[in-house]
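**Student:** Here it is: the structure, laid out below.
The values are calculated or read from the model by the stated rules, or taken from the named source; none is laboratory data. Model, not experiment: these values are computed from the prediction. A quick note on method: Cβ atoms are made from the backbone with ideal geometry, for glycine too, and the neighbour counts reach across all protein chains shown.
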Amino acid sequence: MWAARAEPSPDLAYVVPAEVAGPRRRRDRRGRGVRGPLIPPSVPAHLSRSDRFDGYVLAAVERVEAVWGDELRGTEFAVETVPPSDPHPWEPIGVRLGRCHPAESGQPARIVVFRRPIESRATGRADLADMVSDVVVQQVAELLGRRPEEIDPMFGREDP
């Protein structure tokens, strides 16, 4: 009626009823099997919104670095969810879409793109990708002291 089984520690035996001491279950309690992923990794919908956004930022940075790589050497690019609630006094009033931090005190230059404000303004995936590209180009232009049109000739243009 009772069987001894030692699972957690070999020197400590637990007494459990024999009907419980049987083989371990490999399925869930209703017999339908173990849950798998709802969306397989090979499908594009598998990516979360933040993963997709990171991909848009990475693509925009690669396009800019292809031309301006020497000037951007050592620059760090980052994505944050929301901008800080305490903007610098010299920044314009309103929600920032990105921020540029020049190199100083041994710290590398940093460009930060804020995900949620950009996502809330975009009307679709193509618009989101364009907005991310424009924000990255604006911040790179601010960092290098140039106009955004110099960084990317397609800056701000609508597709026909």
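**Student:** All but one of (1) over 27 Å from Ala45 (Cα atoms); (2) surrounded by 20 or more Cβ atoms within 10 Å (Cβ to Cβ) hold for Val136; state the number of the condition that does not hold.
**Tutor:** Single failed check for Val136: (1).
**Student:** If we keep just the residues of region 48-98 that are of a type outside the set (Asp, Glu), touching a strand residue (DSSP E or B) at 6+ places or on another chain (Cβ under 7 Å) and more than 12 Å from Arg115 (Cα to Cα), which is surrounded by the most Cβ atoms within 10 Å (Cβ to Cβ)?
**Tutor:** My answer is Thr75.
**Student:** Looking only at region 92-130, which residues are among the polar types (S, T, N, Q) and over 22 Å from Ala45 (Cα atoms)?
**Tutor:** Listed by number, the residues that qualify are Ser105, Gln107.
**Student:** Could you tell me how many of the residues in region 103-130 are without any contact (Cβ under 8 Å) to a residue 40 or more places away in the chain and over 17 Å from Glu62 (Cβ atoms)?
**Tutor:** Qualifying residue count for the region: 19.
**Student:** Taking region 124-157 only, how many residues are under 19 Å from Arg52 (Cα atoms) and assigned to a loop (DSSP other than H, G, I, E, B)?
**Tutor:** Residues flagged as under 19 Å from Arg52 (Cα atoms) and assigned to a loop (DSSP other than H, G, I, E, B) within region 124-157 amount to 1.
**Student:** To continue, here is another question. Being under 14 Å from Arg63 (Cα atoms) and modelled with pLDDT under 90 is the filter here; which residues of region 131-160 pass it?
**Tutor:** Result: Asp152, Pro153, Met154, Phe155.
**Student:** Could you list, in sequence order, all residues of region 72-125 that are aliphatic (A, V, I, L, M), touching a Pro at 6+ places or on another chain (Cβ under 7 Å) and under 13 Å from Leu143 (Cβ atoms)?
**Tutor:** Ala109, the sole residue that qualifies.
**Student:** Next up: Taking strands (runs of 3 or more DSSP E) that do not extend beyond region 18-123, which have at least 3 residues that are within 22 Å of Glu150 (Cβ to Cβ) and at pLDDT 90 or above?
**Tutor:** Filter on region 18-123 gives 98-101, 110-114.
**Student:** A follow-up question, please. Among the residues of region 131-155, which ones are within 24 Å of the chain's Cα centre (by Cα) and without any contact (Cβ under 8 Å) to a residue 24 or more places away in the chain?
**Tutor:** Asp134, Ala141, Phe155, listed by residue number.
To keep it simple, each residue is scored yes or no on (1) in contact with a Leu (Cβ under 7 Å, 6 or more places away or on another chain); (2) small (Gly, Ala, Ser).
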| residue | (1), (2) |
| --- | --- |
| Ile118 | yes, no |
| Leu128 | no, no |
| Gln138 | no, no |
| Gly145 | no, yes |
| Pro148 | no, no |
